[in-house]
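Below is one structure, written out as structure tokens; the observations come after it.
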């Protein structure tokens, strides 16, 4: 849900918080009907007192983007369970 935002001529890279949500908003606004599965390495989003857990974010996205959002997978390079979870979400999305 965080995406890098950078100018190739600048040395500093900033991360856009909740940029994935911005993409979902744009898809909905343009009435692009596709099935979205979010894959992330983050368990929390936001900064300071404005922190959202992955479960909270997933519930929020499910309500806000019921026609687009199909779930979230937490990716961890040292674990393999994300692979089967991603496969299940993709299969379920394709059968809708």
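Summary of values
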{"read-out": "Residues (under 16 Å from residue 36 (Cβ atoms) and assigned to a loop (DSSP other than H, G, I, E, B)) located in segment 64-96", "value": "65, 66, 67, 68, 75, 95, 96"}
{"read-out": "Condition met for residue 59 (part of a helix (DSSP H, G or I) and either at pLDDT 90 or above or more than 11 Å from the chain's Cα centre (by Cα) (or both))", "value": "yes"}
{"read-out": "Residues (surrounded by 13 or more Cβ atoms within 10 Å (Cβ to Cβ) and part of a loop (DSSP other than H, G, I, E, B)) located in segment 27-41", "value": "35"}
{"read-out": "Residue within segment 60-71 that is touching a residue at least 12 places away in the same chain (Cβ under 8 Å), out of contact with any helix residue (DSSP H, G or I) (no Cβ under 7 Å at 6 or more places or on another chain) and exposed (fewer than 11 other Cβ atoms within 10 Å of the Cβ) present", "value": "no"}
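The values are calculated or read from the model by the stated rules, or taken from the named source; none is laboratory data. Keep in mind that what you see is a predicted model, and the values were worked out from it rather than measured. Cβ: placed from backbone, ideal geometry, glycine included. Neighbour counts: every protein chain shown.
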